[in-house]
1. In Å and whole numbers, how far do the C-alpha atoms of the stretch A:3-107 stretch along each principal axis, longest first?
2. Report, as a whole number in µm² per second, the diffusion coefficient that Stokes-Einstein gives for the protein assembly as shown at 25 °C and 0.890 mPa s using the Kirkwood radius over alpha carbon pairs.
3. Starting with the fewest neighbours, write out B:49, B:67 ranked by other beta-carbon atoms found within 10 Å of each beta-carbon.
4. On a full-extension model of 0.36 nm per residue, what is the gain between residue B:111 and residue B:26, subtracting their alpha-carbon distance, rounded to one decimal in nm?
5. Report the label-to-label distance for residue A:55 and residue B:5 in nanometres (one decimal), using points 7 Å from each Cα along the Cα→Cβ vector.
6. Suppose the Debye formula is applied to equal point scatterers at every Cα of the stretch B:26-100; what is log10 I(q)/I(0) at q = 0.11, 0.24 Å⁻¹?
7. May I ask for the distance between the Cα centers of the stretch A:34-68 and the stretch B:40-111, given as a whole number of Å?
8. What list do you get for B:30, A:54 if you sort them by fewest beta carbons within 10 Å?
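What follows is calculated from the coordinates using simple rules that are stated; it is not laboratory data. Keep in mind the model is a prediction, meaning the values are calculated, not measured. Using ideal geometry, Cβ is built from the backbone for each residue, glycine included, and neighbour counts are taken over all protein chains shown.
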């Protein structure tokens with residue numbers, strides 16, 4: 001089955017510390033993976049996608065096919081990074097399926 | 001900017017009522033989606049539409065139906081609302097071509113409470 005797993009419901013990190021939000025997937029073949037973010041009282045929006053290979057708001061994510069992971073990383077957390085983060089996968093049926101999400105809380 | 005507009009932000013309905021959730025997008029996207037968002041469960045796909053009059057079931061279609069008579073509009077229908085359908089409903093659209101292909105644009109959400 002095609003699945004996205006985010007093992008952490010909540011992650012608390014001090015401001016200035018590194019952040020890593022974990023995402024593992026099950027999919028045979030070449031997946032298309034995304035990170036979406038929802039800030040308080042805002043719409044869910046795309047943060048980044050693996051095919052772009054770019055850094056957005058200091059975040060990067062590398063696709064590791066061997067470990068079937070797409071972890072989201074940022075070297076120095078900022079208070080404005082506090083949000084709900086969802087990892088997502090485009091499956092063979094062309095649908096986008098999401099993980100359960102991780103709430104990132106940046107401590108001052 | 002692509003806009004996805006959900007007509008109702010908050011609704012309160014009674015068990016057994018028929019509920020319509022409307023979603024309109026203004027960028028000529030082919031694909032449209034309905035998800036429900038619940039704490040601890042993430043986003044779960046209810047229905048998906050490839051194009052006008054086309055629909056596909058998602059992971060949790062039971063108790064829901066959809067309508068796509070025009071390209072810009074995708075409606076979610078709860079034929080007989082139940083308390084376990086209390087949730088936040090998110091509509092999204094995406095293009096199938098171009099640099100934004102496969103990227104979802106979401107509406108603001110419709111929070112439905114069924115009493």
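1. Principal extents (Cα only, largest first): 39, 28, 24 Å.
2. Answer from the Stokes-Einstein relation: 136 µm²/s.
3. The most exposed by this proxy come first: B:67, B:49.
4. Values: separation 85, 0.36 × 85 = 30.60 nm, distance 2.20 nm.
Full extension from residue B:111 to residue B:26 adds 28.4 nm.
5. About 3.9 nm, to one decimal.
6. Once normalised to I(0) and log-transformed, intensities are -0.28, -1.12.
7. 22
8. Details: B:30 16, A:54 10.
Ranked by crowding around the Cβ, least crowded first: A:54, B:30.
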